[in-house]
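Taking it in order: structure first as structure tokens, then the write-up.
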Amino acid sequence: MCYDNEAQPPVPPGAIGSAHSEEVVLTAADGNRFAAYVAYPDQPSGSTAQIIIYPDVRGLFQFYKDLALRFAEVGVTALALDYFGRTAGLGERDEALDFWPHVQQLSLESFTLDVKAAQTYLQEKGGKDSAIFVVGFCMGGSFALLTGTNPDFGFAGLIAFYAGMSRNFGGNGTVLDHAEKVVYPVLGLFGGADQGIPQSDVQQLDEKLDVAGVPHTIVVYPGATHSFFDRRATEFAEASADAWQRVLDFIR
């Protein structure tokens, strides 16, 4: 598990505007209905940037709703989606959810349909020319890189926080197996003291993105653990602030 129910996204740097949000239900091409949370800036910033948030293994719970609002407060419309519409319906993703059985039923193929529905929703709101980014955390970071191998999305860029690179989704290979096929710019953010992600994997990712020929920046924060991007983790406040700045600069 990446974040618990008490986790809070750090506040992004810079002037903070106001935002509003709504809970929506989207429908994928195969008929799957899934929950999403969309946050919009109250004052248009002139930017066409929008972002899709891929949560960690727990799906769409409060941390990612709050994160969507933080993005909207700096002028970026954000949509956080849920993974488990096919297997768990539209219910709340709180601590009562036994998420592992649902995680084990995920496939990249069906998730791709959900991402396409989220992308279409944002394009209908912001226009076909809007620049859509993806940001993912833990398993969501893995999915950010894996969906980044699909040229049909036309993403503006991929942001991966502590992406696991050894999980084989549906028997179709790991992130490292597919990293040379990534077609969009990448910002990867990792903790140097993350016990679940060997630094050798981070190095391999960097090398494979070199082979892919895409612009990429891989940042490792020495001493930072998995899930360091949490307002409660005051010992990692400097890393969190730097990560936010890099994310916003990447989007700009």
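The values are calculated or read from the model by the stated rules, or taken from the named source; none is laboratory data. Just so it is clear, the structure is predicted and the values come from calculations on it, not from any experiment. Note: ideal-geometry Cβ built from the backbone for every residue, glycine included; neighbour counts use all protein chains shown.
Before moving on, here are some points about what is shown:
- Selection count where residues are in a helix (DSSP H, G or I), crowded, with 17+ Cβ neighbours inside 10 Å and among the β-branched types (Val, Ile, Thr), scope the stretch 105-162: 3
- Considering PRO13, PRO9, the condition of being of a type outside the set (S, T, N, Q), surrounded by fewer than 17 Cβ atoms within 10 Å (Cβ to Cβ) and on the phi < 0 side of the Ramachandran plot is satisfied by PRO13 alone.
- The lone criterion from (1) on the phi > 0 side of the Ramachandran plot; (2) free of Cβ contacts under 8 Å to residues at least 24 places away in the same chain left unmet by ASP210 is number (1).
- Cross-chain or 6+ apart pairs with Cβ under 6 Å, the stretch 10-32 first and polar (S, T, N, Q), then modelled with pLDDT under 95: SER18/ASP42; ASN32/GLY85; ASN32/ARG86
- Any chance TYR3 is within 24 Å of PHE99 (Cα to Cα) and not in a strand (DSSP E or B): yes
- Long-range neighbours under 8 Å by Cβ, at least six apart or interchain, first residue over 17 Å from PRO55 (Cα atoms) within the stretch 123-135, second part of a loop (DSSP other than H, G, I, E, B): GLN123/SER130; GLY126/THR48; GLY127/THR48; ASP129/THR48; SER130/THR48; ALA131/THR48; ALA131/ALA156
- Answer from GLY89, GLY59 - the residue that is on the phi > 0 side of the Ramachandran plot and surrounded by 22 or more Cβ atoms within 10 Å (Cβ to Cβ): GLY59
- Just one of the numbered conditions (1) modelled with pLDDT of 95 or more; (2) out of contact with any Phe, Trp or Tyr (no Cβ under 9 Å at 6 or more places or on another chain); (3) β-branched (Val, Ile, Thr) is not true of VAL38: (2).
- Check on VAL186, free of Cβ contacts under 8 Å to residues at least 60 places away in the same chain, crowded, with 20+ Cβ neighbours inside 10 Å and under 14 Å from ALA243 (Cα atoms): yes
- Scanning the stretch 196-252 for residues that are within 17 Å of the chain's Cα centre (by Cα), acidic (Asp, Glu) and either crowded, with 18+ Cβ neighbours inside 10 Å or closer than 20 Å to TYR64 by Cα (or both) yields one hit, ASP230.
- Residue match in the stretch 168-185 (condition: of a type in the set (A, V, I, L, M) and over 25 Å from TYR221 (Cα atoms)): yes
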